[in-house]
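Please treat every number below as a calculation from the coordinates, not as lab data. Every value quoted in this text rests on a predicted model; they were computed, and no experiment measured them. For neighbour counting, all protein chains shown are included, and Cβ atoms are generated from backbone atoms with ideal geometry for every residue, glycine included.
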Amino acid sequence: MIRFTLRQLEYFVAVGEAGSITVAAGRVNVSSPSISTAISQLETEFGMPLFVRQHAQGLSLTQAGRALMDQARAVLREADRLVDLAGDISGQVRGPIMVGCMLAYDLVVPPDLSFIPLIEMPPFVLISADHPLADRDEIEVEELRSLPMVLLDLPQSADYFLSFFFQDKGIKPEISERSRDIAVVRSLVANGFGYSIANLRPLNGLSPDGKALKFIPLAGNLRPLKMGLLMPPHADTTHVVRSFVDFAQSWVRDGFSPGGVPLEVSGPLASPAVAETAKTTPPES
C-alpha cells in the first residue's frame, strides 16, 4: 500500500531543487515545519535518508535522494497530466500554466520550441508631427535615403529594420542615432533627430515627453513582424494551454496593438472563436 502523498513528493522535489527547507517553503507557500515533517515521513517510508544535513550550508541530496527525485518529478508530471485529461474530458479549464512576461517575435525561433503567431505587424515610419513627410499616406524606402535615421538597435531587430534598405534597393541608411530603448527612440524622433522604423505603435501616439508622433506605413512588399507565443513541443495537448491561446487571440482582437492584423491560429490550438475571426482575416504574407 502506498503510504506517501503527492504533496510530500512535491515538497521533496522543492527542497531538492532549492537546497534549503526555508527557500522551498517560500516557493510552495507552506511553513518550514510542514516541509520538514513531509521529508521525515518520506525518509521513514523509503527507509533511507534523502538529504545530507549540513549545518549552515543547507541540504544536499544523497545518491539515493537524487535517484528518487528524478522519479518523483516523473510521478508529479503524470499526476498533472491526469488532471489535464480530466479537464479535457469534462470540458473544464483547470490546472497550472506557466507564462513568461513577454510575447515573442518570429525573427529567430529556437528549433526546440513552437511558435504560434497571433498578430501581424507591418513596418511603419515613425516621424515627428512637423516632419516634411508627415502628411504622406505611405513612404517609399528611397525617400529615406538621405534623411537621418534613429535606429532601434536591438539584436535581430536592427538587422530586420536595415534589411528594408538593402532588400532590392542597395541603399545605405544615414544612421544618426542609435538606442536599445524604444522610449528613447521615440523621444529622439519627436524632437527632430530623425525618423525611425518600427512595428509596434504606442496606444496614445505620443513620445514620452508628450510630443506628437506620426506613424506612416512603409510602402513595398516588406516582411511584417509576427508576434505570438513560444511553447515547448506538445504543450498544445492540454485544454488549459489551448484556452490560454484562445484568450491571447481574443486579447489581440480587442485592440491590444494599433495597426496590427490578427492572424488565424490553425491546428489543434484553433478554437471556434478563433476560427470565426479568421474568416475575415487577410491571409499571411
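Going by Cα centres, the range 177-223 and the range 133-151 are how many Å apart? A separation of 12 Å, based on Cα centres. Classify the range 174-224 as rounded, prolate or oblate from the Cα gyration tensor: take a ≥ b ≥ c as the square roots of its eigenvalues, call it rounded if a/c is under 1.5, otherwise prolate when a/b beats b/c and oblate if not. The shape class here is oblate.
Note the full-extension length gain between A158 and H234 as 0.36 nm times their separation in residues minus their Cα-Cα distance, in nm to one decimal. Numbers along the way, then the final one.
On the way: separation 76, 0.36 × 76 = 27.36 nm, distance 3.21 nm.
Length gained, A158 through H234: 24.1 nm.
Each of A129 and L206 was given a label point 7 Å from its Cα along the Cα-to-Cβ line. The distance between the two points is 1.0 nm. Figure legend: label point modelled 7 angstrom from the Cα of H55 along Cα→Cβ; residues of the range 1-36 with amide N under 20 Å from it are 20-22. Placing R0 at 35 angstrom, the Cβ-Cβ distance between E142 and R253 gives a FRET efficiency of 0.50 after rounding to 0.05.
Return the FRET efficiency for the residue pair A74, F166: r is the Cβ-Cβ distance, R0 is 45 Å, and the value is rounded to the nearest 0.05. Computed FRET efficiency for A74 and F166: 0.35.
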